[in-house]
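See structure below.
The values are calculated or read from the model by the stated rules, or taken from the named source; none is laboratory data. Since we're looking at a predicted model, the values are computed, not measured. Positions of Cβ are generated from backbone atoms using ideal geometry, with glycine treated the same way; all protein chains shown enter the neighbour counts.
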Amino acid sequence: MTRYRHLITDDNRKWWTLGAMCFALFMVMLDNTVVNVALPSIQRDLDADIADLEWVVNGYTLTFAVLIATGGRLGDIFGRRAMFLTGVIIFAVTSATAGLAADSTMLIASRAVQGIGAALMMPATLSIVTHAFPASERGKAIGTWAGVSALALSIGPVVGGALTEYVSWRAIFFINLPVAVAAVIATLFAVRESRDESVGRTVDYPGIVALTAGLTAIVLALIEGNSWGWGSTEIVALLVGGATALAAFVAIELRSRRPMVEFALFRSRQSVGANLVAFIITFAMMGSFFFMALYLQDILGYGALEAGIRFLPTTLVIAVVAPIAGRLSDRFGPVWPMSVGLATLSASMFMFSAIDIDTTYSGLLAPFILMGVGIALVMSPMSTAAMNAVSVQKAGVASGVLQMSRMVGGTVGVAATGAIFQHQLGSGFDPASLIAGPDQAQAAFVDALSSAMLLAALVSVAGLVLAVALLRGARAERPPQSVRREAAAASAPAAEVG
């Protein structure tokens, strides 16, 4: 390969670097967005139940959420290039094992470790791009980096549907392998190592353990509560243990010299509001995407590709409206576009909750479009509010906390809506009964889905109330362009649609 080294010069190295980072980013984002439409096929092929499918999604988002901030710190300490390559290799290997999974346990384990790889990769991509470009070109480079997220978000459901329908659901994981190889080769040749020499070499391992234990216990309780019994010793122990571990996490972070989460950020009412909204909007979005993917295929009878195409009204609207929302936030402040967005999202969730056995896709088109409008109106202003609440020096930390809030919200969203769904459906429900036609089984499925979407709607309304209460008076000022683009990219919804 040395014969090709002459292609990389000092003048174009930064663009090779950007290309390598975008390759990897596209792989992570595409992997998130393709999984939903493959869930019914995974369910049938691996004889998985709803709890298994929830873990296919949450195994990934949980490890990603817990370790995303740590991944950035490890890159600062040990080298961003080295951490990026480690993440890519982990992601590629576990993509292969996910594609080869013989049962749901192997698939869930692969997805959980895949989330670790993504957590190591994602912060490194932005840090490497920032380091490679001078300040005068950094905004353009970060804008390109962020644009890749929107592209993956838009085409992910269609790509996932096509691969699932015409090849296999396993192909949605195998497609990562050539992309990972290209990213590794480009990184080895083009990317120079960088690290933050000003930071200490301390990693907040106690905080990582406490947060992982707390979130895992609570999510496990939500997913398995119906089958184990909500009053059972196991579920009560998980809920109490999870709450205790999260309390211990807060105590650890407040005493740590190098905390994973800087709770000082939450002294600002604006910062608290932005992070709560981040949690809530992804709670609603992840729950709705998870169950609507099942509904489109199991109840309406669409193939995987047809279902993927029917998610486009949401994803394309997000791509169009999100830049407009950013400009509205700059001019009027974040509270009004966020409030309108949360109200619109709430309306879409209430419309989803009203579906019945006779609902067709034409009856879903309006809520799909409204959901896209609502998400787009919230995401960019939410990021601006979070960034405006801190000094520029703390922008990276604030962005990391915001991203963690999103990922945790999505994880809890799938688990909580799933708990409502499974409770109403009952533990004896057989997914195979859905293919018989419009019968009692399908009616029970739709009723349970309606209840799950009602929960998402009520949570969205709570987000609207919190946004108005906590973000009222938020400044309508423009932070530095690079910070705005970094924050918008970090809160891109593509990372949520898994």
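A few points about this structure:
- Within the stretch 102-138, the set of residues being touching a helix residue (DSSP H, G or I) at 6+ places or on another chain (Cβ under 9 Å), more than 18 Å from F173 (Cβ to Cβ) and among the hydroxyl-bearing types (S, T, Y) comprises T125, S127, T130.
- One residue from I324, I309 being surrounded by fewer than 21 Cβ atoms within 10 Å (Cβ to Cβ), of a type in the set (V, I, T) and more than 21 Å from the chain's Cα centre (by Cα): I324
- Residue check, Q403 at pLDDT 75 or above, part of a helix (DSSP H, G or I) and either closer than 28 Å to G59 by Cβ or not aliphatic (A, V, I, L, M) (or both): yes
- Just one of the numbered conditions (1) crowded, with 21+ Cβ neighbours inside 10 Å; (2) modelled with pLDDT of 85 or more is not true of N388: (2).
- Some residue of the stretch 227-247 being touching a residue at least 60 places away in the same chain (Cβ under 8 Å) and more than 21 Å from L74 (Cα to Cα): yes
- T344 within 21 Å of L454 (Cβ to Cβ), over 20 Å from the mean Cα position of the chain (by Cα), crowded, with 21+ Cβ neighbours inside 10 Å and in contact (Cβ under 8 Å) with a residue 24 or more places away in the chain: yes
- Selection from the stretch 9-59 of residues that are within 23 Å of G225 (Cβ to Cβ) and hydrophobic (A, V, I, L, M, F, W, C): L39, I42, L46, A48, I50, A51, L53, W55, V56, V57
- Residue tally, condition in a helix (DSSP H, G or I) and closer than 30 Å to D439 by Cβ, over the stretch 301-333: 8
- Among the residues of the stretch 428-463, just one is of a type in the set (V, I, T), closer than 18 Å to A293 by Cβ and at pLDDT 90 or above, namely V446.
- Residues that are among the small types (G, A, S) and either closer than 18 Å to L85 by Cβ or modelled with pLDDT of 80 or more (or both) within the stretch 106-139 comprise A109, S110, A112, G115, G117, A118, A119, A124, S127, A132, listed in sequence order.
- Candidates V203, V191, filtered to the one that is in contact with a helix residue (DSSP H, G or I) (Cβ under 6 Å, 6 or more places away or on another chain) and touching a residue at least 60 places away in the same chain (Cβ under 8 Å): V191
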